[in-house]
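**Student:** The structure that follows is given in the form of structure tokens.
The values are calculated or read from the model by the stated rules, or taken from the named source; none is laboratory data. Being a predicted model, the structure only gives us computed values, none of them experimental. Cβ atoms come from the backbone with ideal geometry, glycine included; neighbour counts cover every protein chain shown. The protein model used for the area step is the full one, side chains on, heavy atoms only, and it has no ligands, DNA or RNA in it. Shrake-Rupley method; radii C 1.70, N 1.55, O 1.52, S 1.80 Å.
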Amino acid sequence: MADDVKPRVKVPKKAAAGETITIKTLISHKMESGQRKGKDGNLIPRSIINRFTAEFNGKSIIDVTLEAAISTNPYIEFDSIVPEEGEFKFTWYDDDGSVYDTSKKIAIG
Amino acid sequence: MKFKALTALSGVLAITAAGAVSADPDDDTLVINGEIEIVTKTAAPEHMEYIDEVMSGWHFRSDETQAFELDDFDNPGMLFVEQAMDVWDTVEGEKGKSCADCHEAVEDSMKGVRAVYPKYVESAGEVRTLEMQINDCRTNAMGAEAWKYDGDDITNMVALISSVSRGMPINVAIDGPAEMMWEQGKELYYTRTGQLELSCANCHEDSYGMMIRADHLSQGQINGFPAYRLKNAKLNSVHARFKGCVRDTRAETFAPGSPEFVALELYVASRGNGLSVEGPSVRN
Amino acid sequence: MNFSRRETLALGLGAAAMGFMPFRVNAAVDDAVAAFTGGSDMADAGIDLTAPEIAENGNTVPISVDAPGATSIIVLAAGNPTPGVATFNFGELAGSQMASTRIRLAGTQDVVAIAKMADGSFAKASSTVKVTIGGCGG
């Protein structure tokens, strides 16, 4: 597991039923592209977050494939419908096999 | 009056080169998280002879770069502030203390601190930067090892301390016991160095608002430091930036933490008196 | 041989275009597009790609894509060593078919976004982003 990998999300605490909300997500990760050379002159192997998914109560909102051209600390912003109260689940998949996730509850009101 | 002539000239350029990107500072306003109002332009402090209005480097950046600073969630510099927040609560050193053991909540104890540094510290009998104070805490109060003067650990901590003063006016003292050091800093600011024979003033006072290669020359204000730079994706300290500037004049640079750079920081900080503390800012 | 001012200018532009294009529209991009579209035609309307005209640094370039009715959107950077950037697949609870992210561009180049619509058709948008070199390295 890479150092200092920490997911974070920005989700409103409540929404009206059926409302569309904007969600911002970011995970601290170096996103080593595999294109850079180290001090020894050899290529530094690729090590990136290659997939991100967002779900609400088990239903998919967005599923993103990330390539090495995504910047350090991958940032993804998108919209979600909130049909009822429940829980968002956000998951990031690392090249090294690690999986990072975080959840956020939202109320209706 | 040089500035006014420059502005008039740039105005003409902007009109004739319609569609081209103007190097002029823009007139946008900066409010962070929809609540922290940042003074990014204000009347120059009295001691400045050649500039009427001081401006944060924020005005010289593109809309896209500026936008990173509008919301802490979008500001990559805040990731490092978070890291420093963890360190704030971490016990280190022989005395078994964390920063929080003495200073409690950083939001309370450090509010306003960034705005007045560098300053003359009575007990130490010298002008100190925030970095020097932090290392003094580490070695004396905590019994821990000093951090490298311009290393990531200390720069992140300065960013944390700066972040809780955002929106407060920079107000460093230039008189009294700080005066001698301030004069030294001023001397350095106007002294040409290196094979290119450039002083700080040549770029940041005489030529701000103009292009240097494909970049916009700012006033070289440091109210936004530490600055997260897109180019190296980390926080950059004032002295690391000074070092880069001096190196670019093709001179041997002073070392980060040296008395020369402390004096220069005091002087340059005083040129921003009246601007808001903005760090951690986002620059290119 | 004598060239008029206009002819010389035209020649210069032609030469510049010749030198420029082959590297920007490379085979890897064609392959990536073909893999996504299966060789189908792409409409010019139906997808918006927002990218800065000038990026102050290629390390972190904010972009966003918006294609109402799309099931997925692929983003390619035609001038990068490998053109892939991201593929956004929208699920049943997507509030829009819009997404924003921050990308790396190795230099001035075209960023391309292609949307696959629910009816199986495709739409394409592209935008040239100039990546500037800095003033002082600092």
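**Student:** If you take just the strands (runs of 3 or more DSSP E) that sit entirely in the range A:4-73, which of them hold at least 3 residues that are of a type outside the set (S, T, N, Q) and at the interface with chain C (Cβ under 9 Å from one of its Cβ atoms)?
**Tutor:** Filter on the range A:4-73 gives A:19-28, A:49-56, A:59-66.
**Student:** Take the residues of the range B:140-188 that are over 26 Å from residue B:105 (Cα atoms) and in contact with a helix residue (DSSP H, G or I) (Cβ under 6 Å, 6 or more places away or on another chain): which is surrounded by the most Cβ atoms within 10 Å (Cβ to Cβ)?
**Tutor:** Among those residues, the one meeting the criterion is B:185.
**Student:** Mind listing whichever residues of the range A:79-109 are over 11 Å from the mean Cα position of the chain (by Cα), within 14 Å of another protein chain (Cβ to nearest Cβ) and of a type in the set (A, V, I, L, M, F, W, C)?
**Tutor:** A:81, A:82, A:88, A:106
**Student:** While we're on this one: Checking residue C:52 against (1) at the interface with another protein chain (Cβ under 8 Å from one of its Cβ atoms); (2) farther than 30 Å from residue B:216 by Cα; (3) in contact with a helix residue (DSSP H, G or I) (Cβ under 6 Å, 6 or more places away or on another chain), which single condition isn't satisfied?
**Tutor:** (2) is the only condition that residue C:52 fails.
**Student:** Between a first residue in the range B:86-107 that is over 19 Å from residue B:146 (Cβ atoms) and a second residue that is part of a loop (DSSP other than H, G, I, E, B) and open to solvent by less than 60 Å² (accessible area, probe 1.4 Å), which pairs have beta carbons less than 8 Å apart while being 6 or more apart in sequence or on different chains?
**Tutor:** B:89/B:98; B:106/B:164; B:107/B:164
**Student:** So, in the range A:83-104, how many residues would count as being in contact (Cβ under 8 Å) with a residue 60 or more places away in the chain, part of a strand (DSSP E or B) and surrounded by fewer than 21 Cβ atoms within 10 Å (Cβ to Cβ)?
**Tutor:** Total meeting the criteria: 5.
**Student:** Another question, then. Can you pull out the residues in the range B:207-253 that are open to solvent by less than 20 Å² (accessible area, probe 1.4 Å), hydrophobic (A, V, I, L, M, F, W, C) and within 8 Å of chain C (Cβ to nearest Cβ)?
**Tutor:** Result: B:217, B:230.
**Student:** What is the number of the single condition among (1) more than 20 Å from residue C:62 (Cα to Cα); (2) within 17 Å of the chain's Cα centre (by Cα); (3) at pLDDT below 95 that residue A:72 does not meet?
**Tutor:** It fails just one condition, (1).
**Student:** Taking residue B:84 as meeting all but one of (1) touching a helix residue (DSSP H, G or I) at 6+ places or on another chain (Cβ under 6 Å); (2) among the aliphatic types (A, V, I, L, M); (3) within 12 Å of another protein chain (Cβ to nearest Cβ), write down the number of the exception.
**Tutor:** The number of the failed condition is (3).
**Student:** On to the next question. Identify the single condition in (1) assigned to a loop (DSSP other than H, G, I, E, B); (2) touching a residue at least 24 places away in the same chain (Cβ under 8 Å); (3) small (Gly, Ala, Ser) that residue A:80 does not satisfy, given that it satisfies every other one.
**Tutor:** (1)
**Student:** Under 12 Å from the mean Cα position of the chain (by Cα), basic (Lys, Arg), crowded, with 16+ Cβ neighbours inside 10 Å and modelled with pLDDT under 95 - does that describe any residue in the range A:29-46?
**Tutor:** Looking through the range A:29-46, none of the residues is under 12 Å from the mean Cα position of the chain (by Cα), basic (Lys, Arg), crowded, with 16+ Cβ neighbours inside 10 Å and modelled with pLDDT under 95.
**Student:** I need the full set of residues from the range B:270-284 which are open to solvent by 10 Å² or more (accessible area, probe 1.4 Å) and of a type outside the set (D, E, K, R), in order please.
**Tutor:** B:273, B:274, B:284
**Student:** If you don't mind, there's one more thing I want to ask. Tell me yes or no: at least one residue of the range C:69-81 is on the phi > 0 side of the Ramachandran plot and either open to solvent by 10 Å² or more (accessible area, probe 1.4 Å) or not basic (Lys, Arg) (or both).
**Tutor:** Yes, the range C:69-81 contains a residue that is on the phi > 0 side of the Ramachandran plot and either open to solvent by 10 Å² or more (accessible area, probe 1.4 Å) or not basic (Lys, Arg) (or both).
**Student:** Answer with yes or no whether residue C:91 is within 11 Å of chain A (Cβ to nearest Cβ), open to solvent by less than 40 Å² (accessible area, probe 1.4 Å), over 27 Å from residue B:64 (Cα atoms) and at pLDDT 95 or above.
**Tutor:** Here the answer is yes, as residue C:91 does meet what is asked.
**Student:** With the requirement that a residue be more than 10 Å from every other protein chain (Cβ to nearest Cβ), of a type outside the set (A, V, I, L, M) and surrounded by 14 or more Cβ atoms within 10 Å (Cβ to Cβ), what does the range B:191-206 give you?
**Tutor:** B:193, B:194, B:199, B:200, B:202, B:204, B:205, B:206
**Student:** Does the range B:101-114 include one or more residues that are buried (at least 17 other Cβ atoms within 10 Å of the Cβ) and closer than 17 Å to residue B:224 by Cβ?
**Tutor:** The answer is yes; a qualifying residue exists.
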